[in-house]
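Please read the structure below before turning to the comments.
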Amino acid sequence: MQIRIDRTRCRGAGQCVLSAPGLFDQSEEDGLVVVLEATPPPELRDAARRAAALCPNAVIRVVESEGAADGGAGGDEEGGGADGGPDAEH
Ligand code: SF4
């Protein structure tokens, strides 16, 4: 999961900070949202979804990407072929 925000739309209402203080904060300078954990751990994912749903300006987007980690560009060929075919011997 990834948290994406569009700060240009943030009004600084702070709903996200109230609902998920471990994930969001507000800037001291302009009061706009700051993401503390762009990649939330499993126990904070529900809070991230809730914050996204609560934000009045749709600033927060939660991108679900389970198992999307690329495992490297391996080109190894394993010439297996030892499948027990239909003609199994007795
Ligand atoms: S709830 Fe939305 S508008 Fe309010 S501070 Fe958070 S991101 Fe900004």
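Bear in mind these aren't lab numbers, they're just calculated from the coordinates by the rules spelled out. These numbers were taken from a predicted model, which means no experiment stands behind them. Note that each Cβ is placed from the backbone with ideal geometry, even for glycine, and that neighbours are counted across all protein chains shown.
Order by neighbour count: Ile5, Ile60, fewest other Cβ atoms within 10 Å first, most last.
On the way: Ile5 19, Ile60 26.
Starting with the residue having the fewest Cβ neighbours, the order is Ile5, Ile60.
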**Asked** What's the FRET efficiency of Glu28 with Val63 using the Cβ-Cβ distance as r and R₀ = 30 Å, to the nearest 0.05?
**Response** 0.65
**Request:** Would you pull out the residues with amide H under 5 Å of Val34's amide H, same chain only if 5 or more places away, H placed 1.01 Å from N?
**Result:** Asp25, Gln26, Ser27
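Count charges around Val33 for me, please; just the other residues with Cβ under 9 Å from its Cβ, Lys/Arg as +1, Asp/Glu as -1. List each step's numbers first, then the result.
Details: positive: Arg7; negative: Asp25.
Result for the neighbourhood of Val33: 0.
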